[in-house]
Amino acid sequence: MTPATQPDQLLNALNWRYATKAFDTMALPVPLWEALQESLRLAPSSYGLQPWKFFVITDPAVRAKLRPVSWNQSQITDASHLVVIARRTEITEDDVNAFFNQMVSERQANATVLEPYRQMMIGGVVKGKDAAGQREWAARQCDIAWVSLLTSAAVLGVDTCAIEGLDAASI
C-alpha cells in the first residue's frame with residue numbers, strides 16, 4: 001500500500017490546525033473551496049445515510065443575522081465561507097429505502113443480496129430509536145462530517161474554526 005499522504009505530512013497538518021479566532025475577509029481560491037465542498041459530500045456516516053444538509057451562507061446580511069445568535073463571534077461574518085451543517089430531525093423508512101435504491105442503482109448491485117443491510121438500517125435507526133434517539137444519532141453523524149471538513153482543511157492548509165450550535169429559536 002502506498003499512502004497518498006505521508007504520515008509526517010498528515011501529522012504536521014493536524015499539528016498546524018487550530019481554531020482560528022480571526023479571519024481576514026479574503027476569499028478562498030476556488031479550487032480549494034471546491035475540494036473542501038467535495039470533502040463534505042464525501043464525508044462518512046453510519047450506514048452511509050448522511051442525515052444532514054450543508055448550507056454555505058454567502059449573503060452578508062444573513063451572516064450578520066446569524067452572528068448575534070452565534071455568541072457574537074466574528075468568524076461568522078469574517079470567514080471566507082460559512083458552512084452550516086443541519087441534521088435531520090427524523091429518519092423514516094422512506095429515507096432508508098431511497099438511500100438503499102440509490103445504492104443498488106449506483107453499484108449495480110443485487111437488491112436481494114443487500115436486503116439484510118436495508119433491514120438492519122430500518123431496525124437500527126428507524127424502528128430501533130425513538131424521536132430523541134434519532135435526533136441524537138443524526139447529531140453524531142454531523143459531528144463526523146464537520147470533523148472530516150476540518151481535517152481536510154488542515155491537510156490543505158486552510159484555517160478553520162468549528163462553532164457548535166446557535167440559538168435557532170432567536171433566528
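Just checking, how many residues over region 36-65 are modelled with pLDDT of 95 or more, farther than 30 Å from Phe100 by Cβ and surrounded by 12 or more Cβ atoms within 10 Å (Cβ to Cβ)? Total meeting the criteria: 3.
If you check Ser105, Ser152, Ser70 for being at pLDDT 95 or above and surrounded by 12 or more Cβ atoms within 10 Å (Cβ to Cβ), only one passes: Ser152. The residue of region 85-102 that is nearest to the chain's Cα centre (by Cα), among those that are surrounded by fewer than 14 Cβ atoms within 10 Å (Cβ to Cβ) and under 18 Å from Cys142 (Cα atoms), is Ala86.
The rows are residues; the columns are (1) over 22 Å from Pro44 (Cβ atoms); (2) part of a helix (DSSP H, G or I).
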residue: Ile91; (1), (2): no, no
residue: Gly124; (1), (2): no, yes
residue: Ala132; (1), (2): yes, yes
residue: Ser152; (1), (2): no, yes
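So is Ser80 in contact with a Leu (Cβ under 7 Å, 6 or more places away or on another chain), surrounded by 15 or more Cβ atoms within 10 Å (Cβ to Cβ), part of a loop (DSSP other than H, G, I, E, B) and of a type in the set (S, T, N, Q) or not? Yes. Scan region 93-114 for residues that are of a type in the set (A, V, I, L, M), touching a helix residue (DSSP H, G or I) at 6+ places or on another chain (Cβ under 8 Å) and not in a loop (DSSP other than H, G, I, E, B) and jot them down. Once the filter is applied, which keeps residues that are of a type in the set (A, V, I, L, M), touching a helix residue (DSSP H, G or I) at 6+ places or on another chain (Cβ under 8 Å) and not in a loop (DSSP other than H, G, I, E, B), region 93-114 yields Val96, Met103, Val104, Ala111, Leu114.
For region 41-63, the condition of being part of a helix (DSSP H, G or I) and more than 21 Å from the chain's Cα centre (by Cα) holds for at least one residue. Among the residues of region 67-120, those identified as in contact with an Asp or Glu (Cβ under 9 Å, 6 or more places away or on another chain) and either free of Cβ contacts under 8 Å to residues at least 24 places away in the same chain or acidic (Asp, Glu) (or both) are Asp78, Phe100. The C-beta contact set for region 1-13 (first residue farther than 12 Å from Thr151 by Cα and in a helix (DSSP H, G or I), second residue at pLDDT 90 or above and of a type in the set (A, V, I, L, M, F, W, C), distance under 9 angstrom, 6+ apart or interchain) comprises Gln9/Val155.
Number of residues in region 25-35 that are within 27 Å of Ala139 (Cα to Cα) and either exposed (fewer than 11 other Cβ atoms within 10 Å of the Cβ) or in contact (Cβ under 8 Å) with a residue 12 or more places away in the chain (or both): the value is 3.
The values are calculated or read from the model by the stated rules, or taken from the named source; none is laboratory data. Predicted model, so just to flag it, every value in this text is computed and none were measured. Every residue, glycine as well, gets a Cβ built from its backbone with ideal geometry; the counts of neighbours run over all protein chains shown.
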